[in-house]
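The values are calculated or read from the model by the stated rules, or taken from the named source; none is laboratory data. Everything quoted here is computed from the prediction, not taken from an experiment. Quick reminder, even Gly has a Cβ in these numbers, built from the backbone with ideal geometry, and neighbours come from all protein chains shown. Remember, those area values only see protein heavy atoms, side chains included, never the ligands or the DNA or RNA. Shrake-Rupley method; radii C 1.70, N 1.55, O 1.52, S 1.80 Å.
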Amino acid sequence: MKLRRLFFLSAVATALMSQAVEPAAQLFAAMPDSLIPSLEVNRRKDLIDLFHAGQSAQVTTKLGGQAQMTQLQEQSLVIDLSEQSRMALHLYTTTGNDSVVALVNTVYAPAGDSRIRFFDSAWRELPASKYIEQPTRDDFFLFPDSLSKTQREELMRPVDICLVEYTFESDGSICASQSWEKYLDRETYNRLKPYLRESITLRWNGRQFE
């Protein structure tokens, strides 16, 4: 009976892993430990299996916290590594038929702040500047011509750090959202709000984002 149960469990595990055909899932399982040190490869595979099984895709990390896979599609996935940290990746195909992986790590403290990096399908890092021109602080401000340069500089003075959260849209676009509302005091943010863009959309053209 025990042997039969062992064969059954083995067959179930094999069936679940056979579903992990999504390129995004394969990339996640093959990701170097240095890029995701809190989740060893077996825990990553557990997340994939649980997600495919329709269960809560949640595992314990090396730090003792909980990580949860909240999205898994053919070309992308999203993992909440903790309450303050999220990782997302998206696989892109270039006009030359090469594969480029965009990897976004976001920390919430509490304002979201993202770092985006690029890799080939073997997880060799590529220069980010080749694929994206990241929005700057000034890109999120839209001032009317009636404001003088001095007035604009005075308004922007409290924004001493560029806090941008990157998320992947369903079509592969990147939404870059400023997150100063959770960084500035309410009075300062409300004074800036009329001149702020909430987000900037960057679209993949087969070579880079624009």
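Within the range 151-174, take every residue that is outside any loop (DSSP other than H, G, I, E, B) and charged (D, E, K, R) and give me the one that is farthest from Glu210 (Cα to Cα).
Only one residue tops the list, namely Glu154.
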ask   = What do you reckon, is Ser199 free of Cβ contacts under 8 Å to residues at least 60 places away in the same chain, polar (S, T, N, Q) and open to solvent by less than 80 Å² (accessible area, probe 1.4 Å)?
value = yes
task = Would you check which residues across the range 133-179 are over 30 Å from Val101 (Cβ atoms), among the hydrophobic types (A, V, I, L, M, F, W, C) and surrounded by 15 or more Cβ atoms within 10 Å (Cβ to Cβ) and list them?
result = Phe141, Phe143, Leu155, Met156, Val159
query = Name the residues in the range 115-150 that are under 21 Å from Ser177 (Cβ atoms), in a loop (DSSP other than H, G, I, E, B) and within 18 Å of the chain's Cα centre (by Cα), would you?
reply = Tyr131, Ile132, Glu133, Gln134, Pro135
request  = Show the residue pairs that are 6+ apart or on different chains and have beta-carbon atoms under 8 Å apart, the first residue being within the range 93-109 and farther than 21 Å from Met31 by Cα, the second being polar (S, T, N, Q) and outside any strand (DSSP E or B).
outcome  = Tyr108/Gln84; Ala109/Gln84
task = Keeping to the range 151-209, report how many residues are out of contact with any strand residue (DSSP E or B) (no Cβ under 7 Å at 6 or more places or on another chain) and among the aromatic types (Phe, Trp, Tyr).
result = 3
key: Residue check, Lys182 out of contact with any Gly (no Cβ under 6 Å at 6 or more places or on another chain), open to solvent by 20 Å² or more (accessible area, probe 1.4 Å) and touching a residue at least 40 places away in the same chain (Cβ under 8 Å)   = yes
ask   = Across the range 17-62, which residue is farthest from Ser121 (Cα to Cα) among those that are among the polar types (S, T, N, Q) and open to solvent by less than 30 Å² (accessible area, probe 1.4 Å)?
value = Thr61
